[in-house]
Amino acid sequence: MRCGSGKAGPSPRAPRHRRRERQDVKTVTAIREVRAWRRYGRGSVGLVPTMGYLHAGHLSLVDAARRENDRVAASLFVNPTQFAPTEDLARYPRDLERDTRLLETAGCELLFAPTVEEIYPAGFQTSVDVGTVAAPLEGARRPGHFRGVATVVLKLLGIFRPDRAYFGAKDAQQLAVIRKMVRDLDLTVEIRACPTVRETDGLAMSSRNVYLTAEERHAAPVLHRALLAGRDRWAAGERAAEALRQTIRSVLAEEPQVRVDYVSVADPETCRELETLAGPALLSLAAFLGKARLIDNIVVGDEPAPRD
Ligand code: AMP
């Protein structure tokens with residue numbers, strides 16, 4: 001699967017030097033160490049920001065970064081400012097040792113795993129508010145979430161000064177927020193979006209899937225099935241957004257364990273709800289399964305035709 005920049009144009013050129021399959025990943029915790037790594041190395045740099053507890057979705061971003069850059073770095077930071085007080089910050093899954101091994105195998109050169117104090121020292125005050133794209137959907141349910149995301153991503157871009165940064169289409173609104181920030185602030189980094197990696201039964205991979213009980217895990221693929229039903233209805237010619245939302249909701253209703261948070265048919269760039277589809281549309285949802293809150297999405301009407 002290929003990653004994209006979300007706009008027409010050539011893919012980045014392959015880097016001049018191919019990296020070894022496996023190499024020791026250098027783990028650093030201080031910003032000055034990242035700057036030193038950046039200063040003394042040569043060639044293009046691809047950055048993969050994560051919150052850790054890595055899975056094949058994260059590793060697909062590292063793979064894409066390796067294909068398109070000379071050097072690949074990842075960050076691992078469970079960013080407290082993007083969690084509301086009621087959310088799962090304290091119990092968010094963590095396993096630095098395992099993550100380091102996975103990054104090593106994936107061919108990542110540097111892992112930046114800072115403390116909260118390194119990123120937000122005493123007196124830290126600045127925050128980034130990207131405006132209306134951050135307001136609906138996740139932004140409406142998770143107040144302050146995208147302010148936290150945009151602020152930490154801007155910091156990481158400032159720390160690493162990467163040529164390209166890699167994000168998953170799984171978090172579609174996050175991608176729209178970051179693209180808007182990069183455009184509005186004239187940042188020179190290229191934002192690359194990679195397709196959602198799924199389990200064989202369609203469930204989008206997520207660090208939060210570990211919260212699911214066996215029974216909830218069994219029910220969870222209904223999220224993807226519901227989105228596919230929406231896409232099928234769109235493929236059959238339906239262009240009324242509410243009809244597509246209804247289709248998605250009716251499939252979700254087949255699983256009594258699923259508590260729907262929202263079902264949305266929106267513009268992929270602005271995340272504003274649509275009435276009628278005249279171009280690409282983001283079909284997205286959030287749902288609770290027990291303690292886990294899961295999100296998923298599919299884009300229709302985009303090129304090339306979606307395959308997941
Ligand atoms: P996280 O660690 O959840 O903050 O995710 C780090 C990056 O990995 C984000 O850009 C996510 O969108 C991306 N990501 C998470 N899950 C997947 C997945 N299943 N497929 C592709 N990318 C993903």
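For residues in region 186-214 being more than 13 Å from the ligand (Cβ to nearest atom) and of a type in the set (D, E, K, R), which is nearest to ARG67 (Cα to Cα)? By that ranking, first place goes to GLU190. Just wondering, is there one or more residues in region 196-207 that are within 17 Å of the chain's Cα centre (by Cα), farther than 30 Å from PHE288 by Cβ and of a type in the set (Asp, Glu)? No, region 196-207 has no match at all. Among the residues making up region 143-185, a single one is more than 15 Å from the ligand (Cβ to nearest atom), among the aliphatic types (A, V, I, L, M) and part of a loop (DSSP other than H, G, I, E, B): LEU185.
In this structure, is GLY148 of a type in the set (Gly, Ala, Ser) and either touching a helix residue (DSSP H, G or I) at 6+ places or on another chain (Cβ under 9 Å) or surrounded by 14 or more Cβ atoms within 10 Å (Cβ to Cβ) (or both)?
Yes; evaluated as a whole, the condition is true for this residue.
For region 26-137, the strands (runs of 3 or more DSSP E) that sit wholly inside it and include 2 or more residues that are touching a Gly at 6+ places or on another chain (Cβ under 6 Å) and of a type outside the set (Gly, Ala, Ser) are 71-76. Taking region 107-127 as the range and being without any contact (Cβ under 8 Å) to a residue 40 or more places away in the chain and of a type in the set (D, E, K, R) as the test, only GLU117 passes. Filtering region 195-213 to residues that are part of a helix (DSSP H, G or I) and farther than 20 Å from GLN257 by Cβ leaves only SER207. As for region 184-201, it holds at least one residue that is loosely packed, with under 13 Cβ neighbours inside 10 Å, in contact with a Pro (Cβ under 7 Å, 6 or more places away or on another chain) and modelled with pLDDT of 95 or more.
Filter region 12-51 for residues that are at pLDDT below 70, of a type in the set (Gly, Ala, Ser) and surrounded by 13 or more Cβ atoms within 10 Å (Cβ to Cβ) and give the result. Outline the logic, then answer.
Taking region 12-51 as the starting set, the residues that turn out to be at pLDDT below 70 are 12-22.
From the residues that got through so far, the ones that are of a type in the set (Gly, Ala, Ser) too are 14.
Within region 12-51, no residue meets the criteria.
The values are calculated or read from the model by the stated rules, or taken from the named source; none is laboratory data. The structure presented is a predicted model; accordingly, all values stated were derived computationally and were not measured. Heads up, the Cβs are rebuilt from the backbone with ideal geometry, glycines too, and the neighbour counts pull from every protein chain shown.
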